[in-house]
1. Given Lys249/Lys357; Lys92/Lys123; Lys268/Lys347; Lys108/Lys248; Lys59/Lys152, which pairs have Cα atoms separated by over 18 Å?
2. What is the distance, in nm, between label points placed 7 Å from the Cα along the Cα-to-Cβ direction at Gln133 and at Asp233?
3. Amide H to amide H under 5 Å from Val80: which residues, 5+ apart in sequence or cross-chain, H placed 1.01 Å off N in plane?
4. For region 181-303, what D do you get in µm² per second when you plug the Kirkwood radius from alpha-carbon pairs into Stokes-Einstein at 10 °C and 1.306 mPa s?
5. Roughly how big is region 214-256's charge dipole about its Cα centre, with Cβ charges of +1 (Lys, Arg) and -1 (Asp, Glu), in debye to the nearest 20?
6. Leaving ligands, DNA and RNA out of it, rank Glu226, Glu395 by accessible area with a 1.4 Å probe, largest first.
7. Which whole-number percentage describes the relative contact order of region 38-95, with Cα contacts under 8 Å and a sequence gap of 6 or more?
8. R0 = 25 Å: FRET efficiency of Ala176 with Lys403, Cβ-based, nearest 0.05?
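The values are calculated or read from the model by the stated rules, or taken from the named source; none is laboratory data. As the structure is a computational prediction, the values presented were derived from the model and not from experiment. All Cβ positions, even for glycine, are placed from backbone atoms using ideal geometry, and neighbour counts span all protein chains on display. These area figures cover heavy atoms from the full protein model, side chains too; ligands, DNA and RNA do not enter into them. Shrake-Rupley method; radii C 1.70, N 1.55, O 1.52, S 1.80 Å.
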Amino acid sequence: MSSMRIGAARELACAVLLVTSACVVTSLAHAEAKAIIAQDARVAGDRERTRFIADLSKKVDVHVFALASPYRVIVDAPDVNFQMPEGVGKEKRGLITAYRYGLFAPGKSRIVIDVGGPFLIDKAFVLEPRDDQPARLVVDLVPTDEKTFQAKLKETRPPEQASAASMTLPEPPVRAPDAKPVIVLDPGHGGIDPGTSSADGVTEKDVVLAFAKSLKAKLEATGRYEVYLTREDDTFLPLRERVEFAQKKGAGLFLSIHADYFPQQTEKATGATVYTLSEQASDEEAKELATKENFSDALAGVALPSDSDEVVANILIDLAQRETQNRSSVFARSIVGELAGNLHTRKLRSAGFRVLKAPDVPSVLLEIGFLSNPDDEKHLVSDAWRDRMGNSLVEAIDGYFAKRIARAPF
Ligand SMILES: [Zn+2]
């Protein structure tokens, strides 16, 4: 009886409160206790002192730190839902040249602020909401010289960033000789890193995820392969973790899927291009593309090993790696053979793609088309095209494994 009375009293309280916005906020907060909404952001000040401000629905704990090459400020926070206005992040002001935001890992959100030169984080704090003002994240930057910037960076480097570069790759698991070959499909970019985008805002991260999911379903339907995606949703994944994922799964093939953008020759740049790993880039275009794709980590605010080219070179010396390289080329040629009419070039291109560095996994990077080309863009979002292109890739993969079975056990 008494508990009913309490229940009734609660209902009444809520009914009274329901007419005020406070109750709506409370019930929303109850439903999504973790969701903090970032509604807007802006940059104020000048080169002497530049302030980054983000409006939040409530106070949140943040971790703010600097990264070098390129100069960046990283703001990490748990579970922020970004509902920023269109076009935010492109304004240049004072020391800040641009910023971006998004999901960095499940439950972990990140804002990456690009800075034009050496700087110091003078202040970083989050203000409680007050009166009609939302909660606010404030980061103040001041200019400094390179030496001071580097010294401060060493002092404050987060421990996991420092050790990431020296981590060794996991050993592949031992698999039964008659087990189905494992294929890892790697939709590029994701979360905070959208990749490239078309003039209408179709993003690379979305088209490559849709394509990878459709290809996975096709490969599984053959009953011949075990297939995994490096990411299943709009989450960012560092390049190294994609490589590790393939190693850990004991992949027999790794296919990284991307879409390109070439604004200089919108008409000519059309169709798919196949790339493998090499120490020396096959041509200027491949070199530029590898730089662009390798930049994914920097965009998302991952600290890079100090000399990633050296890492690529070291791996290539290894004999086992050479065999992997041969297999990668066989697979690449198989794709070129099947895609024929859908290719940008029949030439096999190669460069130092960091995502193709798994030492034991034949790896190919496929640019499925150009988002800068309006016809390609139509294809990239079309189910019918995805279906045709997917069928050709299944043929290419079947062809690759048929050759391998004919030649030697693997
Ligand atoms: Zn890409």
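1. Lys92/Lys123; Lys108/Lys248; Lys59/Lys152
2. Computed distance between label sites Gln133 and Asp233 equals 3.4 nm.
3. Placed amide hydrogens put Ser109 under 5 Å from Val80.
4. 103 µm²/s
5. Values: 8 positive and 7 negative charges, 40 e Å.
Approximately 200 debye in magnitude.
6. Ranked list, largest accessible area first: Glu395, Glu226.
7. Details: 87 pairs, mean separation 26.1, N = 58.
The normalised contact order for region 38-95 reaches 45 percent.
8. Result of the calculation: an efficiency of 0.70.
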